Amino acid sequence: MCIFIRRNRSQFRFNTLLESGVTIRITHNVDYMTQESRMKKNSFFRKSLTSLLLTVFTLLSVQTPAMADIVSTDQLAYEQQTQTQRDAVKNFLSRDDVVAQLVERGVDVADAQQRVDSLTSAELNALSEKIDLLPAGEGGVGLVIGIIVVFMLLDIAGVTDIFPAI
Amino acid sequence: MRPASFRHLTLAFLFLLMTGCAAAPQSAALLQQTLPPADLHATALLDSVPFYPQEDYQCGPAALATVLQASRISVTPDSLVSQVYVPARQGTLQIEMLAAPRRYGRVTHVLPPDLEGVLREVQGGRPVLVMQNLGLDWYPQWHYAVVVGYDLNAGELILRSGLIRDYRLALPVFERTWQRAGHWAVLVLPPGEMPLHTSSQSYFDAVSAFVSAQSSAEELSASAHTDQLAGIGEAWRVGAQRWPESQLLGMAYGNHVYGQGALALAAEVYQQVLAAHPDYAAAHNNLAQVLLEQGRLEAAETHARRAVELGGEFAETYRRTLQAVESARTR
């Protein structure tokens, strides 16, 4: 039997701010008997499994609060934030909404999911609110003819840098 | 053309020039100094940084591949297109430029808006990813490029930009285009390295974004997972070391090693935080928890009690810790 703590990614982001920030998952490995002995000792196996599970739950009921009782880094970071920052997190949309926004703008669904997973909640908010307003570096120059002359002069004056050759 | 309309055009152009012609104070300061700062060389060039001539609208993936390669991550602009490019915008958003390197095990640091700081990073061997607005505020032409060198004698910056490998741009012109993009400059570094100039809060934010983007254990091979945890631990360790007065970085490091089961080290780290901040309740609480698990119940009770006395946002947690310690002592 092993008990280990892991952070469930999607759940983690929502729950940490409110609760302890860890979920406890239990796996037990009771596969210690051979096929033969298992058949022979079926009732023994059941009994031992039952007692094992009972032990697990008893242990858990004692250990869970103790394991969870450090103040997590996410909680401390949240404590430091201003009210505005906290409100932004409360208004937090689900990651799926941002995935949908990206897909709407031509990104492949699987890619969008992966991309959204690397964002912090603040970044996620900024993206979902301003996806069409934020600067998007393109490097392609699309100029209306009439404005080209103006920009050539501005380039020469060192104000802009539309034409690297000037 | 009638004289009146020509006059209008000239006036309009002058107006443009005035609104667009912001000063370039940082360049002026750098170039007018009779002697540049003693520890800043007059020239620097990172010639080994790769160059990817961008295809249409793809300066984002090209610039990102450049800095990732320089950080020893083998990746091509083509493979980054699906990770950062937004077809409907025909470009790449800054937020996604910051997020993508995290998937390659790299931490992204946004630098302060300081041109000399950018030059210092380049001098130190690190190419700097920058955003520019090559046009004007009302007619923006957003662009990503990578600063790979500079020449203060000639007053130029050297960039991997667009289709030009060593694009030499006058410092004041760069400063204006950079300033119109909010002085956005980014370093892509392995965990455990940090920018020359940054604040403890910016460093914390960068590492914490990196940590939350890391894959869960099941998606990785055992060795990749071990590397990932080691990277995170190292990132927190150097942060706590550089800013010993930062509560947050100290706690982050302590909590990380506690999560790895290194109780003795965790206790030591929390104690260091308490040495700088004797009345920091969360550190008393977490130290009490470690001492409890080590079976050092008397010391655990002292710290748990102190946390409860100090109280604060996590008072409920402190009370639970104290209860756990008390019940362990009476057992």
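Nothing in this text is a laboratory measurement; each read-out follows from the coordinates by a stated rule. Since we're looking at a predicted model, the values are computed, not measured. Backbone-built Cβ (ideal geometry, glycine too); neighbour counts: all protein chains shown.
Rounded to the nearest 20 debye, what is the charge dipole size of chain B about its Cα centre when +1 sits on each Lys and Arg Cβ and -1 on each Asp and Glu Cβ? Around 500 debye, computed over chain B.
Helix B:247-259 and the longest principal axis of the Cα set of chain B meet at an angle near 60°.
Per residue of peptide B:80-92, the mean number of Cβ atoms on other chains within 10 Å of the residue Cβ is 6. Dividing the Cα radius of gyration of the range B:236-331 by its Kirkwood radius returns 0.97 for Rg/Rh. Amide hydrogen proximity for B:E156: with H placed 1.01 Å from N in the peptide plane, the residues at 5 or more positions away or on another chain lying under 5 Å are B:D151, B:L171.
When shorter helices are ignored and each DSSP H run of at least 4 residues is given -39500 (n - 2.57), the per-residue value for chain B at 222 nm works out to -16500 deg cm²/dmol.
Given charges of +1 on the Cβ of Lys and Arg and -1 on the Cβ of Asp and Glu, with all other atoms neutral, how large is the dipole of the range B:40-126 about its Cα centre, in debye to the nearest 20?
Taking the Cα centre of the range B:40-126 as origin, the dipole is about 340 debye.
Summarising the amide proton neighbourhood of B:V107: residues at separation of 5 or more, or on other chains, whose placed amide H is nearer than 5 Å comprise B:L189. Taking Lys and Arg as +1 and Asp and Glu as -1, the other residues whose beta-carbon sits under 13 Å from that of B:Q94 total -1.
On average, how many beta carbons from a partner chain sit within 10 Å of the beta carbon of a residue in B:139-147? Don't skip to the answer; put the middle values down first.
Details: counts 8, 3, 12, 7, 8, 4, 2, 0, 0.
Mean partner shielding for this stretch: 5.
Given the convex hull of the Cα atoms of chain B, what is a quarter of its surface area in nm²? Display every interim value, and only then the final one.
Values: hull surface 95.2 nm².
If you wrap the Cα atoms of chain B in a convex hull and average its projections, you get 23.8 nm².
How do the peptides B:297-310, B:98-111 rank, highest first, by the average count of neighbouring beta carbon atoms within 10 Å per residue?
Details: B:297-310: 19.6, B:98-111: 21.4.
Those peptides, ordered most packed to least, come out B:98-111, B:297-310.
A simple rule links phi to the HN-Hα coupling: the Karplus curve 6.51 cos²θ - 1.76 cosθ + 1.60 with θ = phi - 60°, which for the range A:101-107 gives 4, 5, 4, 4, 9, x, 8 Hz, with x for Gly and Pro. Rounded if a/c is under 1.5, else prolate if a/b beats b/c, else oblate: with a ≥ b ≥ c from the C-alpha gyration tensor eigenvalues square-rooted, which is the range B:182-288? Oblate.
With respect to chain B, whose longest principal axis is taken over its alpha-carbon atoms, helix B:59-70 is tilted by about 50°.
For the range B:88-140, the square roots of the Cα gyration tensor eigenvalues, ordered a ≥ b ≥ c, give a/c of at least 1.5 with a/b no greater than b/c, which places it in the oblate category. For helix B:297-310, what angle does its Cα long axis make with the longest principal axis of chain B, in degrees from 0 to 90 and rounded to 10? The two axes meet at around 60 degrees.
Treating the beta-carbon of each Lys and Arg as +1 and of each Asp and Glu as -1, no other charges, what is the dipole magnitude of the range B:214-331 about its Cα centre, to the nearest 20 debye? All intermediate terms of the calculation are to be shown ahead of the outcome.
Working: 9 positive and 14 negative charges, 67 e Å.
Approximately 320 debye in magnitude.
Provide the packing ranking of A:96-107, B:39-50, A:69-80, i.e. peptides ordered by the mean count of other C-beta atoms within 10 Å per residue, highest first.
A:69-80, A:96-107, B:39-50
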